[in-house]
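Take a look at the structure set out below.
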Amino acid sequence: MPVSLESIAALAKNRGFVFQSSEIYGGIRSAYDYGPLGVELLKNVKDEWWRAMVQERDDVVGLDSAILQARQVWRASGHEAVFTDPLVECRNCNQRFRVDKLEDANTCPNCGATNSFTEARAFNLMFRTHTGPVEDDDNLVYLRPETAQGIFINFDNVRRTARLKLPFGVAQVGKSFRNEITPGQFVFRTREFEQMEMEYFCRPQDAPAQFEYWVKTRHEWYLGLGMSSENLRIRPHDADELSHYSASTVDIEYAFPWGWDELEGIANRTDFDLRQHSEASGVDLRYFDQEANERFYPYVIEPAAGATRTTFAFLIDSYHEEEVRGEKRVVLSLHPRLAPYKVAILPLSKKAELIEPAERLATELRRHFMLEVDLTQSIGRRYRRQDEIGTPFCVTVDFETLEDQAVTIRHRDSMEQDRVAMSGVYEFLAKRL
Ligand code: ATP
C-alpha cells in the first residue's frame, strides 16, 4: 500500500529527520529544519551524488560558488526577465495561485468561488536583498534560484585551472532560493532548498548523444541506490513546457503519494548561457580547440536534481509497514549507504560488564561509521526503533560475548542473525556498505 504523506511527516518529526522551521513561534510556511537523522540522510544523498558525478569520473570537477552574485548574472541568464510564474488572484479570498497548477481554471481551490480570478500576472521567483547599508536599486542582489549560473560564470576559471579539454563537467551542490507561490507537500517544494547540478560541456554536434547518455546515467543512479523502478519514470517535456534556454528537457519523475512529480530535470541548454555571459560581460567564454584551431561556444547538458526533494523521495520509497508475529513493524529499507546510522550497538543489559565491550567496539567503529549505542528498553523495542530509522545492522553484545568474544549481528530487512567475532565486525560491515 502506498505510504501517506501524513505517515512520512509524522515519522520525520517524531524520529528527528525533519522539523517545521520556527516551530516554537508557530512555524514558517514552507521552511524546514533537518534534525539529527535528517542531516545524515541528506548528507548521504549529496555524498552519493558527488561520488557518482565527481569522484568516480575523470571528466568532472567540483565547484562551490557564492549564493550572492552580481545582478548582471541574472540579467544575462534571463532570470530577471523571465523567471516568473503566471499568477492569478481570487477576488473573493485574495489568495494567489499558479495558473498552471490550478485543477479547474474557473474555481478557487481555497474558497470555492467561481469565476473570481483576476487576469494572470507574471511574478518573479527570485528573492531580493541588498548588499551594504543602503537599500537602493544599485545595491540590489538576488539569492540564487539555481546553482548553475555560478558554474557558467566560472567556466573559464575552472577550465584553465583544472586544465580541462572537452567534453568535461562541473558539478555543484548547494542552496537555492525561490519565492514559490505554492510551496507544499512537506519538503517537496520549499522556498529554500538544496540542488545537485552538473553542467556537462561538449561539442555542439555531440550534445544529442550526451543528452541521452545523461538521462540514462541519472536514471540508473536512483535505481542503484535502491529506488523502486516502478516508482520512477522518464518524461520528455512538451515543446510548450521548455524553459527559455532549453532545446530539449526530460524529467525523471517519482510516484509521490499525490502522483507523478519531478525529481530531476535533464536539459540540453545549448550554448545559451555561455553566449549570454560572453555578450553581457565582454569576456570571451568560447572554447579554443587547438587541434582544429577554432573557437566556439560549447553546448551544455545539465542534469539538475533537488537534494532535499530526492532525500524526501528516498524516505518515501523506503517506508514499509509489515506484520511480524502479530505486531506492526515499520521499517525504512534505505540503501545502507544512505542510512543515517550504519549500525546500532545494543548491549543486552545495562550491566557494566556488557557496556564496557560495547563501548570499546563503538569507539573502534566510530572512526568509520555513524552509529548509535542504545541502552534503553527491551532488545525487541530497540530493534524496532532502529528498523524505523533505517539502520541496516544491529550488533548485540550479550553475556556469551564475555566467553566467546563474539557478537550477534541482526540484518534489518531479513531480521536474520549472524554470530561474528568482535574483531571481525568492522570487516563484516565494511563489506556490506
Ligand atoms: P518545478 O517544476 O517542480 O517547480 P523546476 O522544473 O522549476 O521544478 P528546475 O529548475 O529544473 O525545477 O530545478 C531542478 C531541480 O531542483 C528540480 O527537479 C527539483 O528537484 C529541485 N527544485 C526546484 N525547485 C524546488 C523547490 N522549490 N523545492 C525543492 N526542490 C526544488
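Coordinate-derived values only; no laboratory data. No experiment lies behind these values; they were computed from the predicted model shown. Note: ideal-geometry Cβ built from the backbone for every residue, glycine included; neighbour counts use all protein chains shown.
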Solitary cysteines of the chain, where the nearest other Cys Cβ is not under 4.7 Å: Cys202, Cys394
Dipole axis of segment 341-432 (+1 Lys, Arg; -1 Asp, Glu on Cβ), positive-most option in Gly380, Ala358, Met370: Met370
Relative exposure of Ser176, Ser248, judged by other C-beta atoms within 10 Å (fewest first): Ser248, Ser176
Rounded, prolate or oblate (a/c below 1.5 giving rounded, otherwise prolate when a/b exceeds b/c) for segment 341-432 by Cα gyration tensor: rounded
Paired Rg and Dmax values of segment 250-369, which use every Cα atom, in angstrom: 25.7, 76
Over 28 Å between alpha carbons, listed pairs Lys46/Lys351; Lys46/Lys431; Lys43/Lys101; Lys13/Lys431: Lys46/Lys351; Lys43/Lys101; Lys13/Lys431
Scaled radius of gyration (Cα, divided by 2.2 N^0.38 Å) that segment 69-194 gives: 1.37
Cβ charges +1 (Lys, Arg) and -1 (Asp, Glu), total dipole of segment 341-432, debye: 360
Efficiency of FRET between Glu364 and His320 - r from beta-carbon atoms, R0 30 angstrom, step 0.05: 0.40
Most mobile of Leu375, Leu332, Leu125 in a GNM of the chain (Cα contacts under 10 Å): Leu375
Contour excess over end-to-end distance, with Cα ends at Glu6 and Trp258 and 0.36 nm allotted per residue: 89.5 nm
Cβ-placed point charges (K, R +1; D, E -1), dipole of the chain about Cα centre in debye, nearest 20: 700
Span from the segment 127-143 Cα centroid across to the segment 90-117 one, whole angstrom: 33
Given charges at beta-carbon only (K, R positive; D, E negative), |dipole| of segment 195-258 in Debye: 180
Local electrostatic count, Tyr254, Cβ distance below 14 Å [Lys/Arg +1, Asp/Glu -1]: -2
Helical segments meeting 18 Å axial Cα length and Kyte-Doolittle -0.5 threshold in the chain (DSSP H): 36-50, 352-366
Theoretical gain in end-to-end length, Arg295 to Glu220 [0.36 nm per residue, Cα-Cα removed]: 23.5 nm
Listed residues Ile28, Ile355, Ile409, most fluctuating in the chain (Gaussian network, C-alpha, under 10 Å): Ile28
Projected label distance in nm at Cys111 and Asp58, using a 7 Å step from Cα toward the beta-carbon: 6.5
Fluctuation leader among Asn14, Asn124, Asn92 - the chain, Gaussian network, Cα springs under 10 angstrom: Asn92
Over the chain: Rg over Rh, Cα atoms, Kirkwood Rh: 1.03
Extended-chain gain in nm, criterion 0.36 nm per residue less alpha-carbon gap, Arg337 and Glu241: 31.0 nm
